[in-house]
Amino acid sequence: MCGIAGFLAAPGAAPAAELERRAQAMGDAMAHRGPDDHGVWSDPETGTALCHRRLAIVDLSPAGHQPMHSGSGRYVITYNGEIYNFQDLRAELEAKGVTFRGHSDTEVMLEAFTAYGIEAAVKRLIGMFAIGLWDRQTRTLTLIRDRLGIKPLYWAKFGSLFMFGSELKAMHALPGWQPRIDRRAVASYLRHDYVPAPHTIFENVFKLEPGSILTLPAGGEPTVQRFWDAREVARNGIANPIAGSDAELTDKLEALLKDAVQRRMVADVPVGAFLSGGVDSSAVVALMQSANPGRVKTFSIGFDIPEYNEAPHAAAVARHLNTEHTELTVTSEEAMDVIPRLPHMFDEPFADSSQIPTFLVSALTRQHVTVSLSGDGGDELFAGYNRYQLALKMWRGLSLMPVPARRAMAASIKAVSPDRWSQMLSPLPAQLRPKAVGDKLHKLADVLIQPDNTAIYRRLVTHWEPPSIMPAADEYDTVLSDRSLSSEMPEFLDQMQFLDLVTYLPDDILTKVDRASMAVALEARVPLIDHRVVELAWRLPHHVKVRNGVSKWLLRQVLYRHVPKELIERPKMGFGIPIGEWLRGPLRDWAEALLDERRLIEAGFLDAARVRQVWQEHLSGQRNWQYLIWNVLMLEAWWQQWMTAPTPQAANTH
């Protein structure tokens, strides 16, 4: 796990010392990703430079130093990630007569490129990776990102200057960086809470999409192709379902998960795991413990607010599995202290508020280990999100009602204010009257007017409808607006899982985990999204994903072989914090400063009057707009950090 960056400028643009100084500045901007070592390499004849910041995990010796050259001298690599089958590949290559200097996965990968070719070798890799590879023979730069998008990789081209990096802040440090805000990206961010790939918040700056290879010949233009396509995997899986009894399918999944987990326990540094006590993290820890003769180190955080505190559930699972468990109870003040760090940590506007507890549990874990396994991905693969069942129920009911009737019903609901609805329904017993019932009815009205199931799901995962807050909003199309998906995947559940797999998982969940963990130099490994597990999951029939209203049914069967059912069965909590209450209380002054009407008008992106209206409705308790407000606050905090007070590195680029 590391930070990588580099650039390709005009041939002979600068001497080696200057190229390496610039590359070093890119690496220094993300030193947190690799505190153990750093290196640079340049080729003045082609204007190429690579840099690397190292978090040493496998082969801690100087033999693991990067940028690294292949044995033939043809390739130079800077690489972030881990290859979990590198020992198998090494044995194959040694049988072909290849000799190795050290025992790192980086060296194995370089020799595999030489032996098999780049694309063929990449297809053999099991792991997470972002790679910058320079071919000295053909004078070609190749960038590669892993299949699921676990590791980040950004790129940009300004005139003759091409640059790339693990984080945008590395590119800020390079002379020639010319950031201009992309208004369409802002609109997309307002909808999603993140800027969806391949776009970034800046014009002409891109995320390399998961499963992709970018090729750039010196003096040429970049081309991008996929070596692994999640859409093709999903289609093939749906068309070729696995047959078998419940027990046979459980055996098959458990065997593959065991292999995925065990491969991710290989390291030359201490390894542990995040443990929330939910299905996904408990399954990972259970399989770790079953393969480990010692006690697995597990980590969780709790909050001093009971309804947000999962720590007792994690502790119960830890006791049953006999892990070496560490728990930290975090106060609201400690959690809020993280907020000023978020804009720098995430580089772009990013508004998943679970970024705060994710950072806190990473910071706790890093005090004890250098690598931590995480349970991310289980919801997407095994249909675990509550919204899947909610959307299915909604569509079953709404599909029986003509669209004009639904629109009329929505208009009737909206004709009465949320406060008035809450007053009118207050005589109902509490068990029949949801909290903030008026607010929920107005949100239901927004769903009623949607024309089909895909539109319903898009609305459920939408935060702001950009036109409602951003004048003349024109956002980027994503797969969420792709109407052809329903013909490829007729089942609504398949559509929802696929959409999350290629949008929410890489652009939100994995981005959050990468930035939060790497901010404290912790490597997070995610065995549930081993690409072999993903391919198997798409072949599973629906009845082993959701059965009798129970989500992740098959994954639960694997878990229940190791942990009693009663320790796991409880309503899904998520990794939340009381943002809404904090905004009305201790965060109010901070929020007021960022939401100042004059400030919003000067920035020129948002409808200041609409933002202020939503803010006042939230403060009064009339509506629960916590997520919409957080979305705007993270945009404004990012703007304040990166666009109004440039960092020293950014200042040097002008």
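Just so it is clear, none of the values below were taken in a lab; they were calculated from the coordinates. Just so it is clear, the model here is predicted, and its values are computed rather than measured. Quick reminder, even Gly has a Cβ in these numbers, built from the backbone with ideal geometry, and neighbours come from all protein chains shown.
Tell me, Val520, Val361 in order of fewest to most beta-carbon neighbours within 10 Å?
Placing the least packed residue first, the sequence is Val520, Val361.
Quote to one decimal, in nm, the extra length available between Val416 and Val550 on full extension: 0.36 nm per residue of separation minus the C-alpha distance between them.
44.7 nm
Considering only DSSP beta bridges whose two residues both sit in the chain, what percent are antiparallel, to the nearest 5?
Of all bridge pairs located within the chain, approximately 75 percent are antiparallel.
Could you tell me which of Val461, Ser399, Pro451 has its Cα farthest along the dipole of region 386-490 towards the positive end, charges placed at Cβ (Lys, Arg +1; Asp, Glu -1), taken about the Cα centre?
Value computed over the given set: Ser399.
With a point put 7 Å past each Cα toward its Cβ, work out how far Glu119 is from His69 in nm, to one decimal.
Those two pseudo-labels are separated by 2.9 nm.
Could you work out the relative contact order of region 55-167? I mean the mean sequence separation of Cα pairs under 8 Å and 6+ apart, divided by the number of residues, in percent.
25 percent
Could you list Met496, Met109, Met265 in order of exposure, starting from the residue whose Cβ has the fewest other Cβ atoms within 10 Å?
Exposure proxy ranking, most exposed first: Met265, Met496, Met109.
Show me, bin by bin at 5 Å from 0, the whole-percent P(r) of region 152-302 based on Cα pairs.
2, 7, 11, 11, 12, 12, 14, 13, 10, 6, 2, 0, 0
Can you divide the C-alpha Rg of region 579-651 by 2.2 N^0.38 Å and report the result to two decimal places?
1.16
Once you order the gyration tensor axes a ≥ b ≥ c over the Cα atoms, which shape class does region 464-560 get: rounded for a/c under 1.5, otherwise prolate or oblate by comparing a/b with b/c?
It comes out oblate by the Cα gyration axes.
Please state the shape class of region 364-409: rounded when a/c is under 1.5, otherwise prolate if a/b exceeds b/c and oblate if not, all from the C-alpha gyration tensor.
prolate
Taking the alpha-carbon centroid of each part, what is the distance from region 109-186 to region 315-347 in angstrom?
Answer, in whole Å: 32.
At 7 Å along the Cα-to-beta-carbon direction for both Arg387 and Leu328, put a label point, then send me their distance in nm to one decimal.
Roughly 3.0 nm, to one decimal.
Just to confirm the filter: which GluC sites (Glu not before Pro) across region 407-500 are DSSP coil and have at most 14 other Cβ within 10 angstrom of their Cβ?
Glu491
Rank these for me by crowding, Lys552, Lys258, going from fewest to most other beta carbons within 10 Å.
The most exposed by this proxy come first: Lys258, Lys552.
Could you list which residues have their amide H under 5 Å from that of Ser160, counting only those 5 or more apart in sequence or on another chain, with H placed in the peptide plane?
Hits under the 5 Å cutoff: none.
Under 9 Å from the Cβ of Trp638, count the other residues' Cβ atoms, weight Lys and Arg +1, Asp and Glu -1, and hand me the total.
-3
Specify the inter-centroid distance of region 368-388 and region 574-597, based on alpha-carbon positions, in whole Å.
After rounding, the separation between the Cα centres reads 27 Å.
Ordered by residue, what ³J(HN,Hα) values in Hz, to whole numbers, does region 43-56 give under the Karplus form 6.51 cos²θ - 1.76 cosθ + 1.60, where θ = phi - 60° and Gly and Pro are x?
9, x, 4, 9, x, 9, 8, 10, 9, 8, 10, 10, 9, 6
Relative contact order, percent, of the chain when contacts are C-alpha pairs under 8 Å separated by at least 6 residues?
Reported as a whole number, the value is 16 percent.
When averaged across all projection directions, what area in nm² does the alpha-carbon convex hull of the chain cover?
Value for the chain: 29.2 nm².
Loop-only trypsin sites (Lys or Arg not before Pro) in region 180-223, please: DSSP not H, G, I, E or B, and at most 15 other Cβ atoms within 10 Å.
The qualifying sites are Arg180.
Which loop-located trypsin sites (Lys or Arg not before Pro) does region 363-463 contain, where loop means any DSSP state but H, G, I, E or B and the Cβ has at most 10 other Cβ atoms within 10 Å?
Here the trypsin sites (Lys or Arg not before Pro) that fit, given the DSSP loop and packing criteria, are Lys435.
Tell me, what HN-Hα J-couplings in whole Hz come from the Karplus equation 6.51 cos²θ - 1.76 cosθ + 1.60 at θ = phi - 60° for each residue of region 118-123, using x for Gly and Pro?
5, 5, 4, 5, 4, 5
For region 2-228, what D do you get in µm² per second when you plug the Kirkwood radius from alpha-carbon pairs into Stokes-Einstein at 20 °C and 1.002 mPa s?
122 µm²/s
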